[in-house]
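The values are calculated or read from the model by the stated rules, or taken from the named source; none is laboratory data. All of these numbers come straight from a predicted model, not from anything done at the bench. Ideal geometry is used to build each Cβ from the backbone, glycine not excepted, and the neighbour counts take in all protein chains shown.
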Amino acid sequence: MTNLDLYAKAEHLLGIEEATEALYDLYRSELEEYDVKTLLDVGCGRGGFMQRMISDGVKCKGIDLSSLMVAECQAQGLNAECVDVKDVDGKYDAIVSIFDVLNFMDKEALTSFLDAVAQKLSDDGVFIADINTLYGFSDVAEGTMSSDNEKEFLSVDAAFENNQLHTKFTLFEQEEDGRFTKYQDTIVQYFHKVQFFQKLTGLKLVEKQTFSLYDTEDKTLLIFKRR
Ligand SMILES: C[S@@+](CC[C@H](N)C(=O)[O-])C[C@H]1O[C@@H](n2cnc3c(N)ncnc32)[C@H](O)[C@@H]1O
């Protein structure tokens with residue numbers, strides 16, 4: 001199992017439903033001013049945002065590097081695939097990467113990711129994504145939490161150092177026979193300055209908004225057009 005699959009297994013124990021809904025509301029209202037007929041959700045997770053946009057009449061496709069997330073989308077009848085963004089066919093009026101997706105990549109990976117996104121955008125297309133601010137990493141995300149239900153126990157331990165947040169997930173899951181299986185892995189998230197996004201070759205940063213998701217000014221929304 002990859003570390004992203006472990007995140008997929010653990011996500012429902014993190015208590016992020018409300019924050020996720022708040023982000024969906026924000027993205028949806030930002031997209032209202034564009035004429036969006038087709039949308040690509042990169043890092044689509046369980047597909048909640050696609051469900052919303054489909055009910056608004058938008059044709060949606062989702063991709064995610066976790067095969068577990070993609071399987072959950074497909075089980076709901078959504079068009080989802082476990083592929084890298086550079087291997088997606090076609091062009092889209094809007095591309096989104098919601099809830100930290102860009103922070104999962106280091107500078108090098110992010111640069112090629114953003115080049116690929118630019119190539120999948122239609123001429124007037126818009127790309128919207130959010131990143132964590134330094135404060136969001138150092139004050140909000142860092143620390144320890146645990147959570148459980150009858151069959152699962154999760155502990156999360158996050159430390160921020162040298163502009164990287166290392167989050168160790170430990171999940172105990174009860175099997176049919178009553179025994180517990182332990183899963184453990186680490187996800188690294190990288191802090192990126194807004195300046196980095198102002199120097200891209202394929203995308204032009206047209207708007208940035210710092211806002212508060214969990215706490216004061218913990219996130220920045222970035223809106224791009226093609227160069
Ligand atoms: C915090 S989750 C957010 C999921 C979803 N956007 C939502 O709002 O519920 C981040 C997701 O990004 C995915 N991911 C990370 N890096 C990715 C990449 N380079 N391409 C596609 N998906 C990626 C992870 O597997 C995970 O599902």
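Would you check if there is a residue in region 6-14 being in a helix (DSSP H, G or I), among the acidic types (Asp, Glu), out of contact with any Leu (no Cβ under 6 Å at 6 or more places or on another chain) and near the ligand (Cβ under 9 Å from one of its atoms)?
Applying the first criterion (in a helix (DSSP H, G or I)) to region 6-14 yields 6-13.
This time we only want the ones that are among the acidic types (Asp, Glu), so: 11.
Narrowing the set further to residues that are out of contact with any Leu (no Cβ under 6 Å at 6 or more places or on another chain) leaves 11.
Remaining after also requiring near the ligand (Cβ under 9 Å from one of its atoms): 11.
Yes, that holds for at least one residue.
Every residue in region 75-105 that is surrounded by fewer than 20 Cβ atoms within 10 Å (Cβ to Cβ), touching a Gly at 6+ places or on another chain (Cβ under 9 Å) and in a helix (DSSP H, G or I), please.
Selection gives Phe104 alone.
Does region 83-102 hold any residues that are on the phi < 0 side of the Ramachandran plot and within 9 Å of the ligand (Cβ to nearest atom), and which are they? Don't jump to the end; show me each part of the working.
Here is the first cut: in region 83-102, the ones on the phi < 0 side of the Ramachandran plot are 83-89, 91-98, 101-102.
Residues satisfying the conditions are Val83, Asp84, Val85, Val96, Ser97, Ile98, Val101, Leu102.
Okay, residues lined up against (1) modelled with pLDDT of 95 or more; (2) more than 13 Å from the ligand (Cβ to nearest atom); (3) not in a strand (DSSP E or B):
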{"site": "Glu108", "(1), (2), (3)": "yes, no, yes"}
{"site": "Phe113", "(1), (2), (3)": "yes, no, yes"}
{"site": "Ala116", "(1), (2), (3)": "yes, no, yes"}
{"site": "Asp124", "(1), (2), (3)": "yes, yes, no"}
{"site": "Phe127", "(1), (2), (3)": "yes, yes, no"}
{"site": "Asp130", "(1), (2), (3)": "yes, no, no"}
{"site": "Ser138", "(1), (2), (3)": "no, yes, yes"}
{"site": "Met145", "(1), (2), (3)": "yes, yes, no"}
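Just name the residue that is surrounded by the most Cβ atoms within 10 Å (Cβ to Cβ) out of those in region 107-120 that are farther than 23 Å from Leu213 by Cβ and touching a residue at least 24 places away in the same chain (Cβ under 8 Å). Even if it seems obvious, please write down each step before you answer.
Filtering region 107-120 down to residues farther than 23 Å from Leu213 by Cβ leaves 107-109, 111-112, 115-116, 118-120.
So of that shortlist, the ones also touching a residue at least 24 places away in the same chain (Cβ under 8 Å) come out as 107, 111-112, 115-116, 118-120.
Numbers: Lys107: 9, Thr111: 16, Ser112: 13, Asp115: 15, Ala116: 17, Ala118: 20, Gln119: 13, Lys120: 18.
The selected residue is Ala118.
I'm trying to understand the selection: among the residues of region 32-58, which are more than 15 Å from the ligand (Cβ to nearest atom) and either assigned to a loop (DSSP other than H, G, I, E, B) or in contact with a helix residue (DSSP H, G or I) (Cβ under 9 Å, 6 or more places away or on another chain) (or both)?
Answer for region 32-58, where residues must be more than 15 Å from the ligand (Cβ to nearest atom) and either assigned to a loop (DSSP other than H, G, I, E, B) or in contact with a helix residue (DSSP H, G or I) (Cβ under 9 Å, 6 or more places away or on another chain) (or both): Glu32, Glu33, Tyr34, Asp35, Val36, Lys37, Asp56, Gly57, Val58.
Need pairs with beta-carbon distance below 8 Å; first residue assigned by TED's automatic domain parsing to the domain that holds Thr38 and modelled with pLDDT under 95 and within region 57-83, second charged (D, E, K, R) and away from the ligand (no atom under 12 Å from the Cβ); sequence gap 6+ or separate chains.
none
Between residues in region 153-167 that are among the charged types (D, E, K, R) and residues that are part of a strand (DSSP E or B), which pairs lie under 7 Å by C-beta distance while being six or more apart or on different chains?
If the second residue must be part of a strand (DSSP E or B), the pairs left are Asp157/Thr144; Asp157/Lys168.
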